[in-house]
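Report on the following structure.
The values are calculated or read from the model by the stated rules, or taken from the named source; none is laboratory data. What you see is a predicted model; the values in this text were computed from it and never measured. Please note: Cβ atoms are built from the backbone with ideal geometry, for glycine as well, and neighbour counts cover all protein chains shown.
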Amino acid sequence: MTTLENKVALVTGGTSGIGRTTAIAFACAGAKVVVVGRREQEGNETVRLIREAGSDGLFVQADVAKEADVEATVAAAVNKFGSLDIAFNNAGMLGQNASLAEQTEQAYDRIFAVNVKGVFLCMKYEISQMLAQDNGGTIVNTSSINGFRPLAPGFSIYNASKTAVIMLTKTAALEYASQKIRINAIAPGPIETDMLNQATGGNSKAFENFVPAGRLGKPDDIANAVVWLCSDSADYVNGHTLAVDGGVLAA
Ligand code: NAP
């Protein structure tokens with residue numbers, strides 16, 4: 001069984017969906033977990049579930065698009081648990097399903113602020129902290145299979161933002177590989193969460209026909225892969241974007 005004993009993990013977007021499930025999986029593997037998001041009640045519920053799983057947690061209310069929030073979040077994590085060993089930069093937003101000419105400048109700015117600048121800011125402060133420790137660390141960023149290719153018309157801004165996450169990941173991995181910091185990305189296929197419900201207008205089951213595995217993904221499918229990427233078993237995996245998609249990209 002994978003162990004993350006004595007590790008401190010930070011999860012952005014830990015208030016629901018993939019982030020909450022991964023936060024609990026980190027806890028089950030023995031890590032203490034800092035949960036980050038804007039919704040306080042949901043964040044505290046994730047911490048309750050972390051404690052129920054036998055570990056300890058902390059909720060930090062923050063908007064990942066704001067530098068001061070991100071800097072304070074990393075400081076709060078270190079203040080509470082003494083170090084930062086693992087980060088899952090998973091917070092993201094989808095925007096509207098519309099063709100490109102119908103999209104707005106405001107939508108572009110907000111989606112890139114959360115999905116791209118948010119990952120940049122998180123990595124900036126997480127890496128600085130990991131460099132200050134002598135044992136390095138590991139980071140996983142959430143991209144999407146839509147960062148490789150659009151699966152359908154619409155969501156052009158979101159798709160472009162998820163491609164940007166892949167390149168931020170690869171470049172940062174190259175920059176810090178020699179300093180014991182591994183940085184990878186995960187590219188989920190259609191996973192049963194609030195976001196998929198939004199993307200499909202409440203008709204997510206219709207997506208099953210497009211998945212070679214014949215089923216939608218569950219948050220646990222992503223959590224299992226992220227826990228492995230953050231473990232010593234993946235010590236030689238760096239700069240990689242792992243699709244966890246039931247075979248969608250292979251089709
Ligand atoms: P979700 O349940 O809607 O989760 C999105 C999370 O992001 C929430 O916890 C939300 O928390 C957080 N978030 C959004 N904006 C934020 C901000 N400005 N600052 C801090 N946190 C913010 O959906 P999900 O499917 O689990 O999404 C998680 C990640 O997976 C996203 O990056 C998404 O793009 C990616 N993804 C999902 C799928 C899928 O099919 N579900 C597929 C590919 C990729 P608050 O509202 O509390 O801030």
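Among the residues in the stretch 52-71, are any closer than 18 Å to Pro219 by Cα and either within 15 Å of the ligand (Cβ to nearest atom) or not small (Gly, Ala, Ser) (or both)?
no
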- Please verify whether the stretch 97-116 includes one or more residues that are at pLDDT 95 or above, within 16 Å of the chain's Cα centre (by Cα), within 16 Å of the ligand (Cβ to nearest atom) and outside any helix (DSSP H, G or I). no
- Near pairs, Cβ below 6 angstrom, 6+ apart or cross-chain, from the stretch 6-26 (more than 10 Å from the ligand (Cβ to nearest atom)) to any residue that is of a type in the set (D, E, K, R) and in a strand (DSSP E or B): Val8/Lys32
- Members of the stretch 173-224 found to be away from the ligand (no atom under 13 Å from the Cβ), crowded, with 18+ Cβ neighbours inside 10 Å and not in a helix (DSSP H, G or I), listed by number: Ile181, Arg182, Ile183, Asn184
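Tell me which residues, restricted to the stretch 16-25, are under 12 Å from the mean Cα position of the chain (by Cα) and crowded, with 23+ Cβ neighbours inside 10 Å.
The initial filter retains those residues of the stretch 16-25 that are under 12 Å from the mean Cα position of the chain (by Cα), namely 16-23.
Selection gives Ile18, Gly19, Arg20, Thr21, Thr22, Ala23.
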- In the stretch 139-166, which residues are more than 9 Å from the ligand (Cβ to nearest atom), under 15 Å from the mean Cα position of the chain (by Cα) and farther than 18 Å from Pro219 by Cβ? Ile139, Thr163, Ala164, Ile166
- Boolean, Asn238 is more than 14 Å from the ligand (Cβ to nearest atom), at pLDDT below 95 and not acidic (Asp, Glu): no
- Query: Scanning the stretch 100-127 for residues that are polar (S, T, N, Q) and in contact with a helix residue (DSSP H, G or I) (Cβ under 8 Å, 6 or more places away or on another chain), which turns out nearest to Pro219 (Cα to Cα)?
  - Reply: Asn115
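Would it be correct to say that Asp85 is among the acidic types (Asp, Glu), at pLDDT 95 or above and near the ligand (Cβ under 9 Å from one of its atoms)?
Answer is no for this residue.
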